[in-house]
Structure formats: C-alpha cells, structure tokens
Amino acid sequence: SMERDAILRMHFTLLLVKDGQWAEAVSVYENTIGGIRLGSSFPAMNVHFASAVLQPALLQGMAHLVMGITYSNRLEHTQALTEYGAARDAQPSLALANYYYGLGLSRLGRRVEAKAAFEEAAGLGQDEVKAAAEEELKGFK
C-alpha cells in the first residue's frame, strides 16, 4: 500500500541521514511527502514538512512524524505514539512533535501526559500549531 511504502521510505530517509548521505536523504523525503496523505488540520503543514530539509535533526524528527501520522491513519495508535516520541526525542524544541505526541497520548487515554505535551507545544509553537495546541487544551479544563 501507499502508506506502507511511505513508512519504508521514511525508514530509508533516517538510514541515509545516519550514514551522512544528506542529499539522498532529502531527495527520498521530499519525493515521499509529495505523494502521501498527511490528513492534517494545519493548512501550512506542507511548509512545516518542507522546512525539514534544512538540517539533519529536524529532518529526522519530521520523518518520524510522517511515520506516526501514517500509522495513525491506519488506526495503529501505539505505533503512532512511538514515532511521535521519537520525533520529539530528535527535535525536542519542535512544537509540531510535541503536539502530535499529545494527540498520540490522548488517543490512548493518557490524559495527564497528553495535557503536558499540549502545554509544551503551545509554549513552543507559532501560528496554527500554537492555536491547535491551545484548542486541544480546552478539553482538559
């Protein structure tokens, strides 16, 4: 399937980054995100994903996010959370990673941790990511 293919390509992207093959990693990543459904609530999502090619840690974080979103689309929420956590580990200051980590926790009923992740995302985020995190936090009042 296209989703399985996207996950394999993101694994390949991560291997290329680790191996120092930056141009190849960027190429595989860009070709993949152009063809998959990220199902995101963010209108500028493609901008976030495109900016990942600027540096290795960000590209690694975004590759994990793409895998997480793909797993989530397949309703494989435990796998999705693992990838969101890896995205956050790769790029802790990335609001988007914290936001999706919060979503992943929330889907598994881990509300206390989810709230903390959304607070982190709201604190780090700009524009629509900040707004989305603040919207999620309304559900925790």
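Report the residues of the stretch 55-91 in range of a label on S1: point 7 Å along Cα→C-beta, backbone N strictly under 15 Å from it. Only 67-80 fall inside the zone, counting backbone N under 15 Å. Accessible area of the chain with a 1.4 Å probe: how many percent of it is carbon plus sulfur? Carbon and sulfur: 52 percent of the exposed surface of the chain.
With N residues in the stretch 90-137, what two-decimal value do you get for its Cα radius of gyration over 2.2 N^0.38 Å? Could the numbers behind the result be given before it?
Working: Rg = 9.4 Å, N = 48, 2.2 N^0.38 = 9.6 Å.
Its radius of gyration relative to the 2.2 N^0.38 Å reference: 0.98.
Hydrodynamic radius of the chain by the Kirkwood approach over all distinct alpha-carbon pairs: 14.9 Å.
Relative contact order of the chain: what whole-number percent is it, with Cα pairs under 8 angstrom and at least 6 residues apart?
Numbers: 181 pairs, mean separation 23.5, N = 141.
Answer for the chain is 17 percent.
Binning the alpha carbon pair distances of the stretch 61-141 at 5 angstrom intervals from zero yields the distribution 3, 21, 28, 26, 18, 4, 0, expressed in whole percent.
In order along the stretch 124-136, phi translates into HN-Hα couplings of 8, x, 10, 6, 6, 5, 4, 4, 5, 5, 5, 5, 4 Hz, rounded to whole numbers, per the Karplus curve 6.51 cos²θ - 1.76 cosθ + 1.60 with θ = phi - 60° and x for Gly and Pro.
Solvent-accessible area per residue in the chain equals 51 Å², computed with a 1.4 angstrom probe and all protein chains kept.
The values are calculated or read from the model by the stated rules, or taken from the named source; none is laboratory data. Values in this document were obtained by computation on a predicted structure and should not be read as measured data. A quick note on method: Cβ atoms are made from the backbone with ideal geometry, for glycine too, and the neighbour counts reach across all protein chains shown. Just the protein is used for accessible areas: all its heavy atoms, side chains included, with ligands, DNA and RNA removed. Shrake-Rupley method; radii C 1.70, N 1.55, O 1.52, S 1.80 Å.
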